[in-house]
Structure formats: C-alpha cells, structure tokens
Amino acid sequence: MKTGVIIVAAGRGTRAGGDRPKQWQDLAGKPVARWTLEAFSHLPSLILVIHPDDTAIATACCAGLDVTLVHGGPDRSASVRAGLAAVRDASLKTVLIHDVARPCVSRTVIDAVTDALSRHDGAAPALGVTDALWTGAAGRVTGTRDRKGLWRAQTPQGFHLDAITAAHAAHPGGAADDVEVALAAGLDVAIVPGEDRNLKITGPRDFARASAIVTPTRETAMDIRLGNGYDVHRFGAGDHVVLCGVKIPHGRGLQGHSDADVGMHAVTDALYGAMAMGDIGRHFPPSDLQWKGAASEIFLRHAVDLAARNGFAISNIDLTLVCEQPKIGPHAGAMTAEMARITGVAPDRISVKATTSERLGFTGREEGIAAIATATLVKP
Ligand SMILES: Nc1ccn([C@@H]2O[C@H](COP(=O)(O)OP(=O)(O)OP(=O)(O)O)[C@@H](O)[C@H]2O)c(=O)n1
Ligand SMILES: C[C@](O)(CO)[C@H](O)COP(=O)(O)O
C-alpha cells in the first residue's frame, strides 16, 4: 500500500516560547521541522501544513526535499483537514498524520504504524501509563484514578486515506487528535508500541531533551576503526615468493611457518587490530602444526568474517611492501585483484604499493621483506 504523510506545522508554539514558533527553532543544528521531515523523507508523498505567515521560513526549511506546502487552519484538526484536502496522488491508499513537534520519531515507530494498516482502519503509537494517577486542586491531591487501560497517545497516526478523510468531514471539531476523529466515525484503531524518544516538544525544556536524543553519542554514532599491521619474513632457499596471494618468480623464497605471505599477513593483522582482537598468532598459533605451509588466504578470510560477524564493513586497505627485490609494481594490480576477491572489498579501495629502504637495514641488504598495512572498518 502506498503511504503518504501529512505533517501538521501550523501551530504557534506558544508554550515553547522563543523568537519564532517552535518548529522553526534550532534543534542540534537544524530546525525542528527539518528533523521531522527527514524522518519521513523515505515515503513517497510529504505534505507540510503551515501557517500562512511561515511560508518563507518553511520554504527554506524544506530545501532539497520534495515537500508540498499547504496552509493550515485555526486548530490542529483544521490543519489536518487542509492537509487531507491537498492529497493529489490517487494511488495513495493510506496516510500518516504527524505532529511537526515530534522530531525524534524513529523508523521503527513509523514502520509499525504503517504495517498495522494492512490489518486495521487505523493505527497509532502509544505508551502505557506507568505512573500512578491523581486528581488535584489548589496544590493538593483530591483523589486517585486507575491507570489500567490508559495510554499516552503519540503520532504518527495512520489511517486508510478515504476513511480518515470522511471521518474528519463528519466530525464536529475540537478533537485532540486524529484517533479521536477516527473513533467517532467507528473506525478500528490499533495501538502499536510508542517510544519515550518520540516526545512532543511542548515547553522550553523539551528542546534539551530532544537535542540529547538526536545528538549522536558514543553509543549511537557510526563506529569507525583504524588498524595497522606490520610483518617481516626473511629470505631463504626457493625460486618464488607469494605476496598478497600472487606467486612472483624470485631467486629466493620467503621463510615462515605458513606460506610466508608477508603482505597478506600485515593486512590481516590490520583488520584484527582495528577490532582490537589480537593478531594472526593468536588466532592461528605457530605451535599448531595444521597451519604449517597454510595459504595465508585462510587467515585473511578469518579476519574478514570476524569483521562481518561483528557488524563491520571494510572501508579500505592500504599496504606498503618494503623490499629492494622483487619489483612489486608489475604485480600490484594482480595483488589488488586477489585481495579484492578474498575480502569482497572493491579494488578501488585496496592499495598495494612498495618502497625500497635505500639499501639500508635488513630490507636494504635483501635479507627479507617487511610489510606495513592500514585498514579501516566501519559499523553504521
Ligand atoms: N492550528 C494548528 C495548531 C496546531 N498545529 C500542529 O499540531 C501539532 C500539535 O500541537 P501543539 O504541540 O499543541 O503545537 P502548538 O499549537 O504549536 O503549541 P501551543 O499550543 O503551545 O501553541 C503541532 O505540530 C502543531 O504545529 C497545527 O498544525 N495547526
Ligand atoms: C496529537 C497529539 O500529539 C497526541 O498526543 C497531541 O494531542 C497534540 O498536541 P496538543 O498539545 O494536544 O495539541
């Protein structure tokens, strides 16, 4: 079912205070209304109902988004009716009606409401009342109320478009929300789980609460990890070396417990390092005879799988081989392709390069090859 969205934003926000209505005030770097619009921008039709005085500020706020602006009415219900009357897309079967003042709404809540519309005339998020309820007057408690069966209503409230349009047309006015209008028309409205984060900015203090929700913290921010790996293997007898899985003819071979692929070892250690999960020696101990002569592809695959199991994607790999001989340049393309095959990373994100050490040190004396690698892991 194709679902449209009406965001009501024609209120004056008198309780929130400030130099402009709350929906145009800043929340962690952008207007409240922009956060709300972006939360729904994956849906095909967005209508923003505004006060006529706010046309310029609303237009600026919607820059780059496909939003239809509509003028609202003197109360929330009138603004919803104006939004419903502006729906032009005949293929829309259902509609979500949302307060602009709830900018922290999550995709989970939006999807739960939308999904429930395949089984019900309407659906809306709500939280069960968990505090005791009193009545009070003049600063004194005058009685108590049973909280059982009471819910705190949130938006978006979703409905079949024809049904809610007819319900609003038939309603005398003064409804707190669209569920009240729907119930008056005899519609069946399901409750789906609301969220504490889906608060309505009402008073001045609510900006700080909402800001804390939308501002990324260490727990919610994208997790970007950088790891480095370093390895050395000495030359010994042989007629080739294996570097990044590519067999290169050479007057000597590299010695090691496995196939001594120094480049692939450095990359593998960079991946383990980025995850703070040790190194090849920890996962494949040299004391374990089963790894004798093993193809280093096994190690790299293990690190790649470990990253995937922990939710990380490999963003890039950069490898530098340090040797006088063999010359790496002619083989760098094949090495990149081989590492791309093993890791599943696009070749343009894998760099294989080499340097000599100007004949200095053990690499300069051609006693062995050293490799230094860096890898970036990203968890969205
Ligand atoms: N004539 C109106 C009144 C309210 N709303 C919208 O209805 C939602 C819920 O209203 P509320 O939080 O009460 O907002 P305001 O009416 O702006 O606030 P206040 O009562 O403090 O002035 C808000 O998104 C508000 O913009 C609207 O579109 N048209
Ligand atoms: C629709 C609503 O968000 C449900 O909780 C709420 O009723 C609108 O805000 P108001 O303060 O009641 O106008």
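The values are calculated or read from the model by the stated rules, or taken from the named source; none is laboratory data. The model shown is predicted, which means the values in this text are computed figures rather than measured ones. All Cβ positions, even for glycine, are placed from backbone atoms using ideal geometry, and neighbour counts span all protein chains on display. For the accessible areas, the whole protein counts, side chains as well, though only heavy atoms, and no ligand, DNA or RNA atoms are used. Shrake-Rupley method; radii C 1.70, N 1.55, O 1.52, S 1.80 Å.
Numbers below:
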| read-out | value |
| --- | --- |
| Residue-wise HN-Hα coupling along the stretch 253-265, computed from phi with Karplus coefficients 6.51, -1.76, 1.60 (Hz; x: Gly, Pro) | x, 9, 9, x, 5, 9, 7, 6, 6, 4, x, 5, 5 |
| Equivalent ellipsoid semi-axes - Cα gyration tensor, the chain, angstrom | 63, 22, 20 |
| ³J(HN,Hα) computed for each position of the stretch 47-64 - Karplus, 6.51 cos²θ - 1.76 cosθ + 1.60, integer Hz, glycine/proline x | 10, 10, 8, 10, 6, x, 5, 9, 4, 5, 5, 5, 4, 5, 5, 8, 3, x |
| Selected from 142, 4, 120, residue furthest toward positive end of dipole (the stretch 2-214; charges at beta carbon) | 142 |
| Amide H contacts under 5 Å for residue 245, placed H, 5+ residues apart | 264 |
| Carbon and sulfur %, accessible surface of the chain computed with the full protein complex present, 1.4 Å | 53 percent |
| Centroid-to-centroid separation of the stretch 340-374 and the stretch 251-306 [C-alpha atoms, Å] | 15 Å |
| Karplus-derived 3J(HN,Hα), 6.51/-1.76/1.60, for each residue of the stretch 272-278, Hz, glycine and proline x | 4, x, 4, 8, 6, 10, x |
| Long-range HN-HN contacts of residue 316 with modeled amide H, under 5 Å | 376 |
| Distance from the stretch 66-100 to the stretch 135-198 (C-alpha centre basis), Å | 18 Å |
| Reachable lysines, given that their alpha-carbon falls under 16 Å from the alpha-carbon of residue 93 and they are not under 8 places away in the same chain | 2 |
| Cross-link pairs 22/379; 30/379; 247/379 - those with Cα-Cα distance over 31 Å | 22/379; 247/379 |
| About the Cα centre, charge dipole magnitude for the stretch 2-214 (Lys/Arg +1, Asp/Glu -1 at Cβ), debye | 480 debye |
